[in-house]
Structure formats: C-alpha cells, structure tokens
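Read through the structure below, which is laid out as structure tokens, and then see the notes.
The values are calculated or read from the model by the stated rules, or taken from the named source; none is laboratory data. For clarity, every value in this text was computed on a predicted model and none was experimentally measured. Methodologically, a virtual Cβ is constructed for each residue, glycine included, from the backbone with ideal geometry; neighbour enumeration extends over all protein chains shown. These accessible areas exclude ligands, DNA and RNA; they are computed on the full protein's heavy atoms, side chains included. Shrake-Rupley method; radii C 1.70, N 1.55, O 1.52, S 1.80 Å.
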Amino acid sequence: MLAAYAARLDADDPLSALELGERPDPEPRESWTTVTVRAASLNHHDVWSLRGVGLAAERLPMILGCDAAGVDENGDEVVVHAVISDPDWLGDETLDPRRSLLSERHPGTLAEKVAVPRHNLVPKPAELSFEEAACLPTAWLTADRMLFTRAGVAPGATVLVQGAGGGVATALVGLASAAGVRVWVTSRSEEKRARVLELGADGAFEPGARLPERVDAVMETVGKATWGHSLRALKPGGTLVVSGATSGADPPADLARVFFLQLSVVGSTMGTRDELQRLARLCAEKGVRPLIQQALPLAQARSGFEAMLAGELFGKIVIIP
Ligand SMILES: NC(=O)c1ccc[n+]([C@@H]2O[C@H](COP(=O)([O-])OP(=O)(O)OC[C@H]3O[C@@H](n4cnc5c(N)ncnc54)[C@H](OP(=O)(O)O)[C@@H]3O)[C@@H](O)[C@H]2O)c1
C-alpha cells in the first residue's frame, strides 16, 4: 500500500528523511482491527518524528501520522484514537507510562490502511465529513483537554492562545468560542491575526503585546518564544496549560512570578478515548468544525510537510490516501 514514512531521522533537515512509497499492509493481530483510511491529517508530531523526537532509529522505516478517519472491517465509519495504551492499563490512557502514539511504535495513519486496537475506535458522527473527523484525534483532542479538563475554563472566562495559525491553536479558538469563552490570540503574522478574528477570536495581538487586561488562563504550544509573555499575561491565581514547545522547551522559569501570583503551570497531553467521543459529539451537535487549510492526495503529502515546517499553516492539512 502507498504510505508516507520516515526512512531515516534527521534533526536538522527533517524533510530529507520523509519518503513516499510502498509499505506492507498491516498484519492481523489479536484484539486489533484494520481501518481503511479515508482521510488522515498532519500534525507537528510528524515533523518531530522525522527529527528523531519520540521515534527511535530501530523502529525505522516507520509510517507517519497519528490521525485518521475511515471505515472499519464491519463497514462502520470510525475515528481512530491515536493513544495506544498497554492492554492491561485501566483508566486514563494518557497517564499510562507505557503508552505511545500511532507512528511511534506502531505504523501510523498516512497510509491506505492502519491497524489499531479495536478499543481505539470511536464512531464517526454522520454530520462530520471524513476530512473533518480526521482532524479530531490529535490537535482537536489536545485543545479540548487543555481547555476543559486541565484548565477547567468556564463560560465568560478570558483565555489567551499563543500562536494563532497552528492545528492546536485554531482548535482552541473554535472550541473556546463555542463554549462562550472570550478568546484572545497572538500571532507573528498580520494576516493570521486578521484570519483568527474571522474564526471567532475576540482579539488578536502581536507576540508579547500588552493585553487589555490579564487573563484567567493561557494555552501554550509555542514554548520558549512566548513563555515569558504567557506568565506575564495571567491574573493572580491564573492557569498556564502547556502541551507543546515548538520554538524550544527551555524557557526561563520566572519562578518568583509563579509563586508570588500563585500561578498554576499545568501540563497536558492528547486526551482519552472518552474525551475524543465527547468531542466528536460536541462538533456534530453544536456545528463546530475543524478549519481545513488544504486537503492533499497522499502522493503529494510532502508539500503539506513543507508548509508545516515553514510555519505557513492556518488550520489543518488533511491527507487523502
Ligand atoms: N502534548 C501533546 O499531546 C501535543 C498534541 C498536539 C500538539 N503538540 C505540540 O504542540 C505544538 C503545536 O502543534 P501543532 O500541530 O498545532 O503545530 P503547528 O500546526 O505546526 O503550529 C505551530 C504554531 O506555533 C507557532 N510558532 C511556531 N514557531 C514559533 C516561534 N518561533 N515563535 C512563535 N510562534 C511560533 C505558530 O504560530 P504563528 O505562526 O501564528 O505565530 C503556529 O501557530 C507542537 O510542538 C506539537 O508537537 C503536543
């Protein structure tokens, strides 16, 4: 089958490690099932994998991709939950120390077929297209857990989202605004600042800008470049939720601000299968839809990776096998 895979690892030139070509079909496994992928979507995770972050050299070649929506062996339309926990693990899968994401230990979704534990399938709501559903399992699920589970934001609260254009950031704007949360966003790009207002944000600012007032919570995926601003933007007692560090993971800690203002710094990673099912229902019933920048045939996946690496995204890149 055709697949996009990491043939090598290259920390400095990740695209040189990406190949498109034939890979074997998934092997049948006890309590696993094979999904025919109708749409997949790219995440920054795929770039990290090509750089060798989270993907070990002995697992190469590895089919990339965490997200898919497709049709299972019974002919049912499904969304794939990307967190593969240990078969004996009970409870929140994101807390299993032995968990992995599809494409870290098991072949990923940028292929015609993907094998997953049967338990990882969630029904695809008929209201969502395969392309929309394929955006949910990583970026949208991460955004959902950051906002509602980890920050516990309430309607009427004000949230700052750093870095407007990314998959997680556009999901945060869509979800926060649907939940009645006032959402402010920063972006390096004037064009993205204008577009995020059309998406439902209530304010868009340059990185580091002084805000009209301090916020209840900040959603961080940018990391080093925006961390200081995130801490300065919070009200006393506010919460900074961090799930990524695209620009670097070693920012100055500013501990005095954290303890004097009693700030909470909270980590967040992916989400559970149950949260994914709830998110899919929310999207179906409340009309919230992932913003898709572009849908590309699998054979042209490289150009999607190039856009992501260049920071040119506004929304999600969907890949059609
Ligand atoms: N922990 C988890 O479970 C989890 C899940 C999903 C994602 N993540 C991580 O979260 C991050 C974002 O993921 P994504 O898929 O949304 O990535 P993405 O689509 O590539 O988004 C990158 C965003 O970061 C901003 N950005 C990048 N470099 C920047 C810099 N030097 N300075 C300021 N802003 C910068 C861009 O904002 P502007 O261009 O608008 O300024 C853009 O919005 C990645 O690091 C990813 O690995 C983690």
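A few points about this structure:
- Descending by average beta-carbon neighbour count within 10 Å, the peptides 254-266, 126-138, 157-169, 292-304 line up as 157-169, 126-138, 292-304, 254-266, the highest first.
- Rounded Å value of the spacing that divides the Cα centres of the range 1-43 and the range 178-207: 34
- For the range 107-250, the solvent-accessible area of protein heavy atoms averages 37 Å² per residue (probe radius 1.4 Å; ligands and nucleic acids excluded).
- Using a cut-off of 24 Å between Cα atoms, the listed pairs 192/224; 192/316; 235/286; 113/192; 113/286 include 235/286; 113/192; 113/286 as exceeding that distance.
- Surface share of carbon and sulfur [accessible, 1.4 angstrom probe, percent] for the range 49-92: 46
- The local environment of residue 166, defined by Cβ-Cβ distances under 10 Å, has a net charge of +2 under the rule Lys, Arg +1 and Asp, Glu -1.
- Under the simplified labelling scheme, the residue 60-residue 127 pair shows an inter-label distance of 4.5 nm, with each label point 7 Å from Cα along Cα→Cβ.
- Low-density loop positions, GluC sites (Glu not before Pro), the range 1-58 - DSSP coil, at most 16 other Cβ in 10 Å: 30
- Mean residue ellipticity at 222 nm, helices only, the chain: -6500 deg cm²/dmol; runs of at least 4 DSSP H residues each add -39,500 (n - 2.57), and the sum is divided by the number of residues.
- Expressed as a whole percent, the accessible area of the range 183-260 that falls on carbon and sulfur atoms is 52 (1.4 Å probe).
- Sequence-distant residues sharing a close amide H with residue 185 (under 5 Å, placed H): 161, 203, 204, 205
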